[in-house]
Amino acid sequence: MSSAHDTKGTVRPESRNNTASNSIPASDSVDAAARRAFGSTTQYLQAELEASGSDLGLLEKLNDASITKYEG
């Protein structure tokens, strides 16, 4: 009887499905995933900083307008 299992019922490594993700070395896939994660995080943080800068610019303009209006 030819089976992918040994006598204890565990799957032998050579019998596992050979998918595209298995053909990529683990270190390469981890490296690529880390680069994507850090790239996405970088984009998010840059957008947040730009939004904060825009908010600060608007607040400064409102402050200047208030000073001009209520200066006596």
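The values are calculated or read from the model by the stated rules, or taken from the named source; none is laboratory data. Since we're looking at a predicted model, the values are computed, not measured. FYI the Cβ positions are ideal-geometry reconstructions off the backbone, even for glycines, and counts take in every protein chain you see.
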Inset, instruction - Can you run down the residue pairs with Cβ atoms below 9 Å, 6 or more apart or on separate chains, where the first is in segment 24-52 and free of Cβ contacts under 8 Å to residues at least 60 places away in the same chain and the partner is of a type in the set (A, V, I, L, M, F, W, C) and part of a helix (DSSP H, G or I)? - result: Ile24/Ala32
Legend entry - segment 30-61: number of residues that are at pLDDT 95 or above, more than 8 Å from the chain's Cα centre (by Cα) and among the hydrophobic types (A, V, I, L, M, F, W, C): 7
